Amino acid sequence: MQVQGQATAASAVRLPSRLVPGCHVEAVAIAKPLLDVSGVTLQYKTKQHLVTATYRVSFHVRKSDRYILLGPSGCGKSTLLKAVGGFLTPTEGTISLNGTSVTGPGPDRMMVFQEFDQLLPWKTVLQNVAFTLIKSGTLSAKQAEKKAAHYVEKVNLTKFKDTYPHMLSGGMKQRVAIARAMAMEPQILLMDEPFAALDALTRRKMQDELLRLWDDTRFTVLFVTHSIQEAVTIGNRILLLSPHPGQVKAGLNSRGIDEADTVTGQKLSDKISRLLFMSDVEDEGGTFHE
Ligand SMILES: Nc1ncnc2c1ncn2[C@@H]1O[C@H](COP(=O)(O)OP(=O)(O)OP(=O)(O)O)[C@@H](O)[C@H]1O
Ligand SMILES: [Mg+2]
C-alpha cells in the first residue's frame, strides 16, 4: 500500500526540529490531554530480527478530537494503535489515558479494524452489538439489548437488526462494528483504516456517517489512514508520520468535512502531500506544540 496519489516513498527522516510554515500550530494545551503518547518506540522482536516500527513518537489526543495518524505503508500506524489498545508494550516511552498508564487492553479503548469479518457470523446484528456489552459484565442481557438497539439505530441499521452478517454489505458490516465499539462507550475509539476495503462511493458515505455520529455524540477517535482525502475529511488534527520506522513529521489542523472540498482543503491536502514525501523534514518539519 502507498499513500494515495503519490508514486514514491520518501527515505528515512531525522526528527523534526521546526514548525511547518503556515500550519495552524497548536497553542499550549489548555486542557489535560485524554491520551498522552510520549516518546514511544515500538519494536517487534523475532528470533532473527528486531524490527523498529516507530521511533520516539509523541502526540496528545484531547477529548472529542478526531485525531488522524497518517503515513505510508509500514510506518507503524497499526502498531501505534495496537500499543494504545494495550496489546503491545513500548520499548521506550509511555502511553497514558486520563493520567493512567496503559498496561493492557480495556473497555475504555475499543478497536474497529479494516476487515469485514470482525462480526460473529452466528449472531444477528443486534446480538453482535449486545454480545460485547453482556461479556463486559456490567449489564444484564435485557439492558444490553436495549443499549445495543440504541446504537444500531444510530448507525441506521434498525431495519437489519435481526439480519446475520453474511447477508450484509461490507459497509453495513463496518457500521455494525462501529455500533458495537460505540455501545461500549469507550473513552477513545481506535479505528484502523475501517473504510479502506470499501468501494470509493461507500467509503465517502461512511466518512460522512462517521462525522454525523461524531456531531451527535462527540466521541474521541484515533483514526489510522493512508488516504490524504480521508484524513482531511475526517480529522480535526492530523499527525504525519515518516516512512519506516515511523517518526513524527508534522502535525496539522483541519476543519474536517467543512473544509475537505474547498480550496483551503485542497491546499491542506497539497501541503500534506509535500510534507509526506519530502525526504528530509529538517527545514520544514514540525509537530503540534502542546
Ligand atoms: N507481528 C509483527 N512482527 C514483526 N514485524 C512486524 C509485525 N507487525 C508489523 N511489523 C513490522 O512493523 C512495521 C510497521 O508495521 P505496521 O503494520 O504498524 O505498519 P502500518 O503503518 O500500519 O502499515 P499499513 O499502512 O500497510 O497497514 C513494518 O515494518 C512491519 O513489517
Ligand atoms: Mg496498518
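Results, tabulated for the structure shown:
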item	result
Packing-based exposure ordering (other Cβ within 10 Å, fewest first) of Phe160, Phe59	Phe160, Phe59
Relative contact order for region 96-150, counting Cα pairs under 8 Å that sit 6 or more residues apart, in percent	26
Total formal charge among the other residues, if their Cβ is under 10 angstrom from that of His226, Lys/Arg +1 and Asp/Glu -1	-1
Under-5 Å amide H pairs with Glu92, H placed in peptide plane, nonlocal only	Thr41
C-alpha center-to-center spacing [region 190-266, region 34-64] in angstrom	20
Förster radius 22 Å - calculated FRET efficiency between Leu201 and Gln266, Cβ distance, rounded to 0.05	0.60
Environment charge of Leu97, counting only residues whose C-beta is closer than 9 Å and scoring Lys/Arg +1, Asp/Glu -1	-1
For region 219-224, 3J(HN,Hα) per residue [Karplus equation, 6.51 cos²θ - 1.76 cosθ + 1.60, θ = phi - 60°, Hz, x = Gly/Pro]	5, 9, 9, 10, 10, 9
Above-threshold pairs, the threshold being 22 Å between Cα atoms, out of Lys147/Lys173; Lys123/Lys173; Lys63/Lys161; Lys205/Lys271; Lys123/Lys159; Lys45/Lys173	Lys63/Lys161; Lys205/Lys271; Lys45/Lys173
Label point distance in nm, Glu115-His150, each placed 7 Å from Cα along Cα→Cβ	3.1
Sorted by Cβ density within 10 Å, fewest first, the residues Ile134, Ile228, Ile68	Ile134, Ile228, Ile68
Cβ-based net charge around Val57, under 11 Å, with every Lys or Arg adding one and every Asp or Glu removing one	+2
Ranked Met110, Met278, criterion: other C-beta atoms within 10 Å, fewest first	Met278, Met110
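The numbers here are math on the coordinates, done by the rules we state, and not lab data. These numbers come from a predicted model, not from an experiment. Don't worry about glycine lacking a Cβ; one is built from the backbone with ideal geometry, like all the others, and counts go over all protein chains shown.
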